[in-house]
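First the structure, in the form of C-alpha coordinates, and then the observations on it.
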Amino acid sequence: MRNPQLNANGELTHLLSIQGLPRDVLIHILDTASSFLKVSDRNVKKVPLLRGKSVFNVFFENSTRTRTTFEIAAKRLSADVINLDVTRSSTAKGETLLDTVDNLVAMHADMFVVRHAASGAPHLIADHLRRLGRNDVHVVNAGDGRHAHPTQGLLDMYTIRHYKKDFDQLVVAVVGDILHSRVARSDLHALTTLGAAEVRAVGPQTLLPTAMETMGVRVCHDLRAGLRDCDVIIMLRLQNERMNGALLPSAREYFACYGLTPAMLALAKPDAIVMHPGPMNRGVEIDSDVADGPQAVILPQVTFGIAVRMAVMGILAGN
Amino acid sequence: MPSIDLPDAEAQCAELAELIRPHLRPGTLLVGIHSGGVWVARRLRDLLDQANDIGLIDVSFYRDDYGERGLHARVKPSSMPFDVEGRPLILVDDVLYTGRTTRAAINELFDYGRPASIQLAVLADRGRRELPICADFCPWRVQLDSAQELILSADSDGRLRWSVAENA
(Lines give C-alpha, C1' and ligand atoms only; values in the text may rest on other atoms or scores of the structure.)
Protein backbone atom coordinates (compact mmCIF):
# COMPACT_ATOMS: atom_id res chain seq x y z
CA MET A 1 0.00 0.00 0.00
CA ARG A 2 1.18 3.48 -0.81
CA ASN A 3 2.21 5.70 2.12
CA PRO A 4 -0.79 8.04 2.59
CA GLN A 5 1.56 10.93 3.46
CA LEU A 6 3.44 10.86 0.16
CA ASN A 7 2.19 11.77 -3.31
CA ALA A 8 2.77 9.77 -6.49
CA ASN A 9 6.28 11.29 -6.77
CA GLY A 10 7.20 10.22 -3.24
CA GLU A 11 6.99 13.79 -1.93
CA LEU A 12 5.46 14.71 1.43
CA THR A 13 1.92 15.95 0.83
CA HIS A 14 0.37 15.41 4.29
CA LEU A 15 2.08 15.12 7.66
CA LEU A 16 0.05 12.57 9.61
CA SER A 17 2.62 10.59 11.57
CA ILE A 18 6.39 10.20 11.83
CA GLN A 19 5.96 6.45 11.63
CA GLY A 20 6.68 5.34 8.09
CA LEU A 21 8.50 8.48 6.99
CA PRO A 22 11.95 7.92 5.53
CA ARG A 23 14.96 9.37 7.30
CA ASP A 24 15.76 11.80 4.46
CA VAL A 25 12.28 13.35 4.69
CA LEU A 26 12.83 14.02 8.41
CA ILE A 27 16.28 15.47 7.75
CA HIS A 28 14.93 17.69 4.97
CA ILE A 29 12.33 19.13 7.36
CA LEU A 30 14.93 19.74 10.09
CA ASP A 31 17.37 21.38 7.66
CA THR A 32 14.66 23.63 6.24
CA ALA A 33 13.58 24.58 9.77
CA SER A 34 17.07 25.84 10.57
CA SER A 35 16.74 28.34 7.70
CA PHE A 36 13.34 29.46 8.95
CA LEU A 37 14.69 29.99 12.48
CA LYS A 38 16.68 32.99 11.22
CA VAL A 39 13.56 34.61 9.75
CA SER A 40 12.22 35.24 13.26
CA ASP A 41 15.30 37.34 14.10
CA ARG A 42 14.77 39.78 11.25
CA ASN A 43 13.18 43.18 11.02
CA VAL A 44 10.34 41.70 8.94
CA LYS A 45 9.59 38.27 10.42
CA LYS A 46 7.82 37.00 7.30
CA VAL A 47 8.60 35.30 4.03
CA PRO A 48 6.17 35.36 1.08
CA LEU A 49 6.10 31.57 0.52
CA LEU A 50 2.41 30.93 1.33
CA ARG A 51 1.08 34.29 0.17
CA GLY A 52 -2.52 33.91 -0.95
CA LYS A 53 -2.93 30.48 0.70
CA SER A 54 -5.54 29.82 3.36
CA VAL A 55 -4.59 27.69 6.34
CA PHE A 56 -7.47 26.46 8.50
CA ASN A 57 -6.70 25.55 12.10
CA VAL A 58 -9.38 22.98 12.87
CA PHE A 59 -9.11 22.02 16.53
CA PHE A 60 -11.65 19.53 17.82
CA GLU A 61 -9.73 19.43 21.08
CA ASN A 62 -8.49 22.36 23.11
CA SER A 63 -4.92 23.52 22.80
CA THR A 64 -3.64 27.02 23.16
CA ARG A 65 0.06 26.57 22.60
CA THR A 66 -0.01 24.25 19.61
CA ARG A 67 -2.75 26.23 17.88
CA THR A 68 -0.92 29.50 18.53
CA THR A 69 2.43 28.24 17.26
CA PHE A 70 0.78 26.89 14.09
CA GLU A 71 -0.93 30.25 13.65
CA ILE A 72 2.34 32.16 14.09
CA ALA A 73 4.14 29.79 11.73
CA ALA A 74 1.48 30.17 9.02
CA LYS A 75 1.45 33.96 9.41
CA ARG A 76 5.25 34.13 9.14
CA LEU A 77 4.84 32.29 5.83
CA SER A 78 2.34 35.03 4.79
CA ALA A 79 -0.65 32.64 4.72
CA ASP A 80 -4.12 33.73 5.75
CA VAL A 81 -5.01 31.84 8.92
CA ILE A 82 -8.53 30.98 9.97
CA ASN A 83 -9.02 29.52 13.44
CA LEU A 84 -12.11 27.40 13.88
CA ASP A 85 -13.33 26.52 17.31
CA VAL A 86 -15.18 23.49 16.00
CA THR A 87 -16.10 22.17 19.41
CA ARG A 88 -18.41 25.15 19.84
CA SER A 89 -19.77 25.43 16.31
CA SER A 90 -21.02 23.09 13.62
CA THR A 91 -19.91 19.84 15.26
CA ALA A 92 -21.91 20.78 18.33
CA LYS A 93 -24.90 21.07 15.99
CA GLY A 94 -24.33 17.55 14.70
CA GLU A 95 -22.25 18.04 11.54
CA THR A 96 -19.91 15.16 10.70
CA LEU A 97 -16.15 15.63 10.43
CA LEU A 98 -16.10 15.12 6.67
CA ASP A 99 -19.04 17.49 6.10
CA THR A 100 -17.09 20.14 8.00
CA VAL A 101 -14.08 19.43 5.75
CA ASP A 102 -16.18 19.62 2.57
CA ASN A 103 -17.52 23.01 3.63
CA LEU A 104 -14.03 24.34 4.28
CA VAL A 105 -12.78 22.99 0.94
CA ALA A 106 -15.68 24.88 -0.68
CA MET A 107 -14.25 27.98 1.01
CA HIS A 108 -10.95 27.29 -0.83
CA ALA A 109 -8.89 25.96 2.04
CA ASP A 110 -5.33 25.08 1.00
CA MET A 111 -4.27 23.42 4.23
CA PHE A 112 -5.87 21.93 7.32
CA VAL A 113 -4.11 21.81 10.66
CA VAL A 114 -6.14 19.27 12.58
CA ARG A 115 -6.31 18.26 16.20
CA HIS A 116 -8.81 15.59 17.20
CA ALA A 117 -9.42 13.39 20.24
CA ALA A 118 -9.90 10.38 17.94
CA SER A 119 -6.75 8.66 16.66
CA GLY A 120 -6.79 8.61 12.86
CA ALA A 121 -9.02 11.65 12.28
CA PRO A 122 -6.39 13.55 10.19
CA HIS A 123 -5.78 10.34 8.22
CA LEU A 124 -9.51 10.11 7.50
CA ILE A 125 -9.49 13.70 6.19
CA ALA A 126 -6.42 13.08 3.99
CA ASP A 127 -8.06 9.95 2.60
CA HIS A 128 -11.26 11.86 1.91
CA LEU A 129 -9.35 14.61 0.06
CA ARG A 130 -7.63 12.01 -2.09
CA ARG A 131 -10.99 10.47 -3.02
CA LEU A 132 -12.18 13.96 -3.97
CA GLY A 133 -9.10 14.30 -6.17
CA ARG A 134 -7.95 17.33 -4.17
CA ASN A 135 -4.21 16.69 -4.15
CA ASP A 136 -3.67 20.43 -3.76
CA VAL A 137 -5.14 20.46 -0.25
CA HIS A 138 -2.81 19.38 2.56
CA VAL A 139 -3.33 18.04 6.07
CA VAL A 140 -1.07 18.50 9.08
CA ASN A 141 -1.79 16.39 12.13
CA ALA A 142 -1.58 18.63 15.20
CA GLY A 143 -2.27 15.70 17.54
CA ASP A 144 -4.77 12.86 17.19
CA GLY A 145 -5.89 10.86 20.23
CA ARG A 146 -3.09 8.69 21.53
CA HIS A 147 -1.69 8.18 18.05
CA ALA A 148 0.70 10.90 16.92
CA HIS A 149 1.82 14.51 17.27
CA PRO A 150 4.37 14.62 14.48
CA THR A 151 5.32 18.31 14.60
CA GLN A 152 6.05 17.98 18.32
CA GLY A 153 8.20 14.93 17.55
CA LEU A 154 10.04 16.90 14.86
CA LEU A 155 10.62 19.93 17.08
CA ASP A 156 11.96 17.61 19.77
CA MET A 157 14.39 16.17 17.20
CA TYR A 158 15.33 19.69 16.13
CA THR A 159 16.06 20.59 19.77
CA ILE A 160 18.19 17.48 20.29
CA ARG A 161 20.12 18.12 17.09
CA HIS A 162 20.64 21.75 18.07
CA TYR A 163 22.25 20.86 21.40
CA LYS A 164 23.69 17.42 20.73
CA LYS A 165 24.50 17.01 16.99
CA ASP A 166 24.79 13.33 16.04
CA PHE A 167 21.98 10.97 17.00
CA ASP A 168 24.09 7.83 16.69
CA GLN A 169 26.04 8.78 19.81
CA LEU A 170 23.01 9.54 21.99
CA VAL A 171 21.20 7.82 24.82
CA VAL A 172 17.69 9.27 25.08
CA ALA A 173 15.17 8.56 27.86
CA VAL A 174 11.46 9.27 27.38
CA VAL A 175 9.98 9.36 30.86
CA GLY A 176 6.42 9.20 32.14
CA ASP A 177 2.95 8.50 30.84
CA ILE A 178 3.87 6.89 27.55
CA LEU A 179 0.60 4.96 27.34
CA HIS A 180 -1.52 8.07 26.79
CA SER A 181 1.12 10.15 25.03
CA ARG A 182 1.02 10.81 21.30
CA VAL A 183 4.15 12.92 21.80
CA ALA A 184 6.01 9.88 23.14
CA ARG A 185 4.97 7.76 20.16
CA SER A 186 6.11 10.41 17.69
CA ASP A 187 9.40 10.89 19.57
CA LEU A 188 10.13 7.17 19.73
CA HIS A 189 9.51 6.68 16.00
CA ALA A 190 11.61 9.73 15.14
CA LEU A 191 14.49 8.68 17.41
CA THR A 192 14.66 5.17 15.98
CA THR A 193 14.37 6.49 12.39
CA LEU A 194 17.18 8.98 13.00
CA GLY A 195 19.32 6.23 14.53
CA ALA A 196 19.70 7.22 18.18
CA ALA A 197 22.20 4.85 19.85
CA GLU A 198 19.81 3.90 22.66
CA VAL A 199 16.20 4.87 23.31
CA ARG A 200 14.67 4.13 26.72
CA ALA A 201 11.01 4.22 27.65
CA VAL A 202 10.80 4.88 31.37
CA GLY A 203 7.64 4.69 33.50
CA PRO A 204 5.44 2.54 35.70
CA GLN A 205 4.08 -0.62 34.13
CA THR A 206 0.54 0.77 34.14
CA LEU A 207 1.61 3.74 31.97
CA LEU A 208 3.68 1.85 29.39
CA PRO A 209 2.08 0.18 26.38
CA THR A 210 2.82 -3.50 25.89
CA ALA A 211 5.33 -4.79 23.33
CA MET A 212 7.38 -1.60 23.35
CA GLU A 213 10.52 -3.62 22.60
CA THR A 214 9.24 -4.20 19.07
CA MET A 215 9.74 -0.46 18.47
CA GLY A 216 13.45 -0.87 19.17
CA VAL A 217 13.13 0.69 22.61
CA ARG A 218 14.55 -0.44 25.97
CA VAL A 219 11.92 -0.49 28.72
CA CYS A 220 12.85 0.63 32.26
CA HIS A 221 10.46 0.65 35.19
CA ASP A 222 13.08 2.15 37.50
CA LEU A 223 13.75 5.86 36.98
CA ARG A 224 17.33 5.60 38.28
CA ALA A 225 18.25 2.90 35.78
CA GLY A 226 16.42 4.78 33.05
CA LEU A 227 18.29 8.04 33.59
CA ARG A 228 21.78 6.69 34.18
CA ASP A 229 24.28 8.20 31.69
CA CYS A 230 21.56 9.71 29.50
CA ASP A 231 22.32 12.55 27.07
CA VAL A 232 18.71 13.62 26.61
CA ILE A 233 15.71 13.36 28.95
CA ILE A 234 12.25 13.93 27.50
CA MET A 235 9.74 14.31 30.32
CA LEU A 236 6.06 13.74 29.54
CA ARG A 237 3.11 15.37 31.15
CA LEU A 238 1.01 13.19 33.44
CA GLN A 239 -2.21 13.23 31.45
CA ASN A 240 -4.71 13.56 34.25
CA GLU A 241 -7.58 14.26 31.88
CA ARG A 242 -6.96 11.05 29.96
CA MET A 243 -6.66 8.87 33.02
CA ASN A 244 -9.74 6.67 33.26
CA GLY A 245 -9.49 4.26 36.14
CA ALA A 246 -6.87 3.83 38.79
CA LEU A 247 -3.57 3.59 36.94
CA LEU A 248 -1.72 5.46 39.69
CA PRO A 249 -2.15 5.65 43.45
CA SER A 250 -1.67 9.45 43.58
CA ALA A 251 0.16 12.34 41.94
CA ARG A 252 2.34 12.64 45.05
CA GLU A 253 3.41 9.03 44.88
CA TYR A 254 4.09 9.43 41.16
CA PHE A 255 6.42 12.34 41.90
CA ALA A 256 8.22 10.29 44.56
CA CYS A 257 8.90 7.47 42.06
CA TYR A 258 9.09 9.19 38.67
CA GLY A 259 9.45 12.92 39.31
CA LEU A 260 12.59 14.49 37.84
CA THR A 261 14.38 16.09 40.81
CA PRO A 262 17.92 17.53 40.84
CA ALA A 263 19.12 14.33 42.57
CA MET A 264 17.64 12.17 39.80
CA LEU A 265 18.97 14.45 37.08
CA ALA A 266 22.46 14.03 38.57
CA LEU A 267 22.39 10.38 37.43
CA ALA A 268 22.36 11.47 33.78
CA LYS A 269 25.44 12.82 32.01
CA PRO A 270 26.54 16.22 33.40
CA ASP A 271 25.65 17.94 30.10
CA ALA A 272 22.33 16.15 29.64
CA ILE A 273 19.44 18.30 28.43
CA VAL A 274 15.91 18.18 29.87
CA MET A 275 12.94 18.58 27.52
CA HIS A 276 9.19 18.76 28.15
CA PRO A 277 6.42 19.26 25.57
CA GLY A 278 4.37 21.38 27.98
CA PRO A 279 2.23 22.20 29.72
CA MET A 280 4.24 21.14 32.77
CA ASN A 281 2.80 19.86 36.02
CA ARG A 282 5.41 21.19 38.45
CA GLY A 283 5.78 18.90 41.42
CA VAL A 284 4.10 16.00 39.58
CA GLU A 285 6.49 14.92 36.82
CA ILE A 286 9.15 17.61 37.14
CA ASP A 287 10.64 19.57 40.04
CA SER A 288 10.73 23.35 39.64
CA ASP A 289 14.49 23.37 40.32
CA VAL A 290 14.96 21.19 37.23
CA ALA A 291 12.35 22.94 35.08
CA ASP A 292 13.97 26.32 35.74
CA GLY A 293 17.52 24.97 35.90
CA PRO A 294 20.41 25.36 33.45
CA GLN A 295 19.90 21.96 31.80
CA ALA A 296 16.26 22.63 30.85
CA VAL A 297 15.70 23.54 27.17
CA ILE A 298 11.92 23.70 27.45
CA LEU A 299 11.49 27.28 26.23
CA PRO A 300 13.91 26.91 23.29
CA GLN A 301 11.70 23.95 22.26
CA VAL A 302 8.81 26.40 21.85
CA THR A 303 10.91 28.74 19.69
CA PHE A 304 12.17 25.87 17.53
CA GLY A 305 8.58 24.63 17.22
CA ILE A 306 7.61 27.66 15.16
CA ALA A 307 10.49 27.16 12.71
CA VAL A 308 9.71 23.44 12.40
CA ARG A 309 6.03 24.15 11.71
CA MET A 310 7.03 26.75 9.10
CA ALA A 311 9.21 24.11 7.44
CA VAL A 312 6.44 21.50 7.46
CA MET A 313 3.86 23.88 6.00
CA GLY A 314 6.35 25.31 3.49
CA ILE A 315 7.29 21.84 2.22
CA LEU A 316 3.71 20.49 2.10
CA ALA A 317 2.23 23.47 0.29
CA GLY A 318 4.85 23.19 -2.47
CA ASN A 319 4.13 19.49 -3.17
CA MET B 1 24.83 24.05 -30.50
CA PRO B 2 27.51 26.75 -30.41
CA SER B 3 30.53 25.81 -28.34
CA ILE B 4 32.17 28.67 -26.47
CA ASP B 5 35.55 29.35 -24.93
CA LEU B 6 35.12 29.53 -21.19
CA PRO B 7 37.22 32.22 -19.52
CA ASP B 8 39.17 31.84 -16.29
CA ALA B 9 36.68 32.57 -13.49
CA GLU B 10 39.40 33.55 -11.00
CA ALA B 11 40.79 36.15 -13.40
CA GLN B 12 37.24 37.42 -13.92
CA CYS B 13 36.82 37.92 -10.16
CA ALA B 14 39.88 40.19 -10.21
CA GLU B 15 38.44 42.02 -13.23
CA LEU B 16 35.10 42.45 -11.46
CA ALA B 17 36.84 43.82 -8.36
CA GLU B 18 38.59 46.47 -10.51
CA LEU B 19 35.24 47.45 -12.07
CA ILE B 20 33.77 47.96 -8.59
CA ARG B 21 36.78 49.64 -6.91
CA PRO B 22 36.30 53.21 -8.30
CA HIS B 23 32.65 53.17 -7.21
CA LEU B 24 33.18 51.77 -3.73
CA ARG B 25 31.56 54.02 -1.14
CA PRO B 26 32.44 54.07 2.55
CA GLY B 27 30.38 51.53 4.47
CA THR B 28 29.57 49.42 1.40
CA LEU B 29 28.58 45.85 2.24
CA LEU B 30 28.72 42.78 -0.01
CA VAL B 31 25.87 40.27 -0.14
CA GLY B 32 26.32 36.98 -2.02
CA ILE B 33 23.49 34.83 -3.39
CA HIS B 34 23.90 31.09 -2.59
CA SER B 35 25.95 29.34 -3.75
CA GLY B 36 27.96 30.77 -6.67
CA GLY B 37 27.38 34.37 -5.64
CA VAL B 38 28.75 33.67 -2.18
CA TRP B 39 32.02 32.36 -3.62
CA VAL B 40 32.38 35.42 -5.82
CA ALA B 41 31.46 37.79 -2.94
CA ARG B 42 34.19 36.17 -0.77
CA ARG B 43 36.74 36.76 -3.54
CA LEU B 44 35.63 40.39 -3.89
CA ARG B 45 35.82 40.95 -0.14
CA ASP B 46 39.49 39.88 -0.15
CA LEU B 47 40.40 41.67 -3.39
CA LEU B 48 38.79 44.92 -2.23
CA ASP B 49 40.19 44.64 1.34
CA GLN B 50 36.77 44.87 2.92
CA ALA B 51 36.76 44.49 6.70
CA ASN B 52 33.09 43.52 7.04
CA ASP B 53 31.84 39.96 6.69
CA ILE B 54 29.69 39.31 3.64
CA GLY B 55 25.95 38.72 3.86
CA LEU B 56 24.50 35.47 2.54
CA ILE B 57 21.15 35.16 0.79
CA ASP B 58 19.26 32.00 -0.13
CA VAL B 59 16.26 33.05 -2.19
CA SER B 60 14.33 29.74 -1.85
CA PHE B 61 11.63 31.34 0.31
CA TYR B 62 11.17 34.19 -2.18
CA ARG B 63 11.20 32.38 -5.51
CA ASP B 64 8.32 33.04 -7.91
CA ASP B 65 8.24 29.41 -9.10
CA TYR B 66 7.57 27.90 -5.64
CA GLY B 67 4.06 26.97 -6.83
CA GLU B 68 5.55 24.73 -9.56
CA ARG B 69 8.76 23.57 -7.92
CA GLY B 70 8.01 23.44 -4.19
CA LEU B 71 10.72 23.43 -1.55
CA HIS B 72 13.07 20.60 -2.42
CA ALA B 73 16.66 21.65 -2.68
CA ARG B 74 18.53 22.05 0.53
CA VAL B 75 17.88 25.59 1.71
CA LYS B 76 20.85 27.33 3.28
CA PRO B 77 20.15 29.90 5.99
CA SER B 78 20.32 33.52 4.89
CA SER B 79 22.46 35.57 7.22
CA MET B 80 23.14 39.27 7.41
CA PRO B 81 25.99 39.81 9.89
CA PHE B 82 25.26 43.56 9.80
CA ASP B 83 22.35 46.00 9.83
CA VAL B 84 21.41 46.80 6.22
CA GLU B 85 19.45 49.91 7.24
CA GLY B 86 20.82 52.97 5.41
CA ARG B 87 23.87 51.10 4.00
CA PRO B 88 24.98 50.86 0.36
CA LEU B 89 24.86 47.20 -0.68
CA ILE B 90 26.42 45.33 -3.57
CA LEU B 91 24.47 42.20 -4.41
CA VAL B 92 26.74 39.54 -5.93
CA ASP B 93 25.76 36.58 -8.10
CA ASP B 94 27.65 34.32 -10.48
CA VAL B 95 25.28 34.40 -13.47
CA LEU B 96 22.62 36.94 -14.44
CA TYR B 97 19.98 35.31 -16.65
CA THR B 98 16.19 35.88 -16.39
CA GLY B 99 16.60 38.33 -13.48
CA ARG B 100 14.14 36.40 -11.30
CA THR B 101 16.74 35.39 -8.72
CA THR B 102 17.85 39.02 -8.44
CA ARG B 103 14.23 40.13 -7.93
CA ALA B 104 13.79 37.54 -5.16
CA ALA B 105 17.06 38.59 -3.49
CA ILE B 106 16.11 42.29 -3.52
CA ASN B 107 12.75 41.44 -1.94
CA GLU B 108 14.48 39.46 0.79
CA LEU B 109 17.02 42.23 1.45
CA PHE B 110 14.21 44.69 2.12
CA ASP B 111 12.86 42.36 4.80
CA TYR B 112 16.06 43.03 6.73
CA GLY B 113 15.66 46.82 6.50
CA ARG B 114 15.90 49.70 4.05
CA PRO B 115 19.33 49.87 2.42
CA ALA B 116 20.58 53.21 1.04
CA SER B 117 21.16 51.56 -2.34
CA ILE B 118 21.62 48.17 -3.99
CA GLN B 119 23.95 47.59 -6.93
CA LEU B 120 24.31 44.32 -8.79
CA ALA B 121 27.67 42.68 -9.55
CA VAL B 122 27.82 39.46 -11.59
CA LEU B 123 30.59 37.43 -13.13
CA ALA B 124 28.57 36.61 -16.27
CA ASP B 125 25.53 38.11 -18.01
CA ARG B 126 23.98 35.58 -20.38
CA GLY B 127 21.11 37.78 -21.59
CA ARG B 128 17.48 36.67 -22.14
CA ARG B 129 16.11 38.80 -19.31
CA GLU B 130 12.47 38.40 -18.27
CA LEU B 131 12.46 41.35 -15.85
CA PRO B 132 13.73 44.95 -16.08
CA ILE B 133 16.99 44.21 -14.26
CA CYS B 134 20.58 44.88 -15.34
CA ALA B 135 24.00 44.48 -13.78
CA ASP B 136 25.99 47.51 -12.59
CA PHE B 137 29.27 45.58 -12.75
CA CYS B 138 29.92 42.69 -15.14
CA PRO B 139 33.15 41.58 -16.84
CA TRP B 140 31.62 39.01 -19.24
CA ARG B 141 28.57 39.12 -21.53
CA VAL B 142 27.86 35.87 -23.34
CA GLN B 143 25.04 34.56 -25.54
CA LEU B 144 24.03 30.98 -24.82
CA ASP B 145 21.28 28.73 -26.10
CA SER B 146 18.39 28.37 -23.63
CA ALA B 147 19.12 24.61 -23.41
CA GLN B 148 22.60 25.40 -22.14
CA GLU B 149 23.27 25.97 -18.45
CA LEU B 150 26.28 28.02 -17.37
CA ILE B 151 27.59 26.66 -14.08
CA LEU B 152 30.20 28.05 -11.70
CA SER B 153 31.73 25.43 -9.43
CA ALA B 154 34.55 25.25 -6.92
CA ASP B 155 37.33 22.67 -7.41
CA SER B 156 38.53 20.55 -4.52
CA ASP B 157 41.28 23.14 -3.97
CA GLY B 158 38.64 25.93 -3.92
CA ARG B 159 39.46 27.31 -7.39
CA LEU B 160 36.40 28.64 -9.28
CA ARG B 161 35.74 27.19 -12.70
CA TRP B 162 33.09 27.59 -15.43
CA SER B 163 31.36 24.73 -17.19
CA VAL B 164 28.40 24.42 -19.55
CA ALA B 165 25.78 21.67 -19.21
CA GLU B 166 23.53 20.76 -22.11
CA ASN B 167 19.98 20.18 -20.87
CA ALA B 168 17.74 17.97 -22.97
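The values are calculated or read from the model by the stated rules, or taken from the named source; none is laboratory data. These figures come from a predicted structure and were not determined experimentally. Glycine also receives a Cβ, built like all others from the backbone with ideal geometry; neighbour counts cover every protein chain displayed.
What to note about this one:
- Any hit, the stretch A:131-152, residues being crowded, with 17+ Cβ neighbours inside 10 Å, over 23 Å from A:LEU26 (Cα atoms) and assigned by TED's automatic domain parsing to the domain that holds A:ASN62: no
- Helices (runs of 4 or more DSSP H) wholly inside the stretch A:10-118 containing at least 1 residues that are within 14 Å of chain B (Cβ to nearest Cβ) and closer than 30 Å to A:GLY195 by Cβ: A:23-39, A:65-76
- Meets criteria (touching a helix residue (DSSP H, G or I) at 6+ places or on another chain (Cβ under 8 Å), over 30 Å from A:GLY10 (Cα atoms) and within 14 Å of chain A (Cβ to nearest Cβ)) for B:SER79: yes
- One residue stands out among those in the stretch A:154-210 that are among the basic types (Lys, Arg) and part of a helix (DSSP H, G or I): the one that is nearest to A:ALA118 (Cα to Cα), which is A:ARG182.
One line per residue, one yes/no per condition, for (1) surrounded by 19 or more Cβ atoms within 10 Å (Cβ to Cβ); (2) part of a loop (DSSP other than H, G, I, E, B); (3) at positive phi; (4) more than 16 Å from the chain's Cα centre (by Cα):
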{"site": "B:VAL31", "(1), (2), (3), (4)": "yes, no, no, no"}
{"site": "B:VAL38", "(1), (2), (3), (4)": "yes, no, no, no"}
{"site": "B:ALA41", "(1), (2), (3), (4)": "yes, no, no, no"}
{"site": "B:SER60", "(1), (2), (3), (4)": "yes, no, no, no"}
{"site": "B:GLY67", "(1), (2), (3), (4)": "no, no, no, yes"}
{"site": "B:HIS72", "(1), (2), (3), (4)": "no, yes, no, yes"}
{"site": "B:LYS76", "(1), (2), (3), (4)": "no, yes, no, no"}
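- Of all residues in the stretch A:289-319 being out of contact with any Ser or Thr (no Cβ under 9 Å at 6 or more places or on another chain) and either within 10 Å of chain B (Cβ to nearest Cβ) or under 30 Å from B:ARG69 (Cβ atoms) (or both), the one that is surrounded by the fewest Cβ atoms within 10 Å (Cβ to Cβ): A:GLY318
- Test: residue in the stretch B:84-96 that is touching a residue at least 40 places away in the same chain (Cβ under 8 Å), within 14 Å of chain A (Cβ to nearest Cβ) and not in a helix (DSSP H, G or I): yes
- Of residues in the stretch A:56-94 being of a type in the set (Asp, Glu) and at pLDDT 85 or above, the one nearest to A:VAL137 (Cα to Cα): A:ASP80
- A:ILE286 fulfils the conditions (1) surrounded by 22 or more Cβ atoms within 10 Å (Cβ to Cβ); (2) of a type outside the set (Gly, Ala, Ser); (3) modelled with pLDDT under 95 except for a single criterion, (3).
- In the stretch A:108-137, the residues that are under 14 Å from A:SER17 (Cα atoms) reach residues that are in a helix (DSSP H, G or I) with C-beta atoms within less than 6 angstrom, at least six apart or across chains, in these pairs: A:VAL113/A:PHE70; A:VAL114/A:PRO122; A:ILE125/A:VAL101.
- If only residues of the stretch B:42-76 that are of a type in the set (Val, Ile, Thr) and in contact with a Leu (Cβ under 9 Å, 6 or more places away or on another chain) are counted, the one that is nearest to the other protein chains (Cβ to nearest Cβ) is B:ILE57.
- The listed residues are B:ASP157, B:ASP145, and the only one of them that is of a type in the set (D, E, K, R) and in contact (Cβ under 8 Å) with a residue 12 or more places away in the chain turns out to be B:ASP145.
- The residue of the stretch B:105-125 that is nearest to the other protein chains (Cβ to nearest Cβ), among those that are touching a Lys or Arg at 6+ places or on another chain (Cβ under 8 Å) and buried (at least 17 other Cβ atoms within 10 Å of the Cβ), is B:ASP111.
- Some residue of the stretch A:239-252 being surrounded by 14 or more Cβ atoms within 10 Å (Cβ to Cβ), under 14 Å from A:VAL174 (Cα atoms) and out of contact with any Gly (no Cβ under 7 Å at 6 or more places or on another chain): no
- For the stretch B:43-74, a residue qualifies if it is out of contact with any strand residue (DSSP E or B) (no Cβ under 7 Å at 6 or more places or on another chain) and touching a residue at least 12 places away in the same chain (Cβ under 8 Å), and the qualifying residues are B:ARG43, B:LEU47, B:LEU48, B:ASP53, B:ASP58, B:SER60, B:PHE61, B:TYR62, B:ARG63, B:ASP64, B:ASP65, B:ALA73.
- Of note, A:ALA74 satisfies the criterion of being outside the structural domain of A:THR206 (by TED's automatic domain parsing), over 13 Å from the mean Cα position of the chain (by Cα) and under 30 Å from A:MET235 (Cα atoms).
- Flag if A:LEU316 is in a helix (DSSP H, G or I) and modelled with pLDDT of 95 or more: yes
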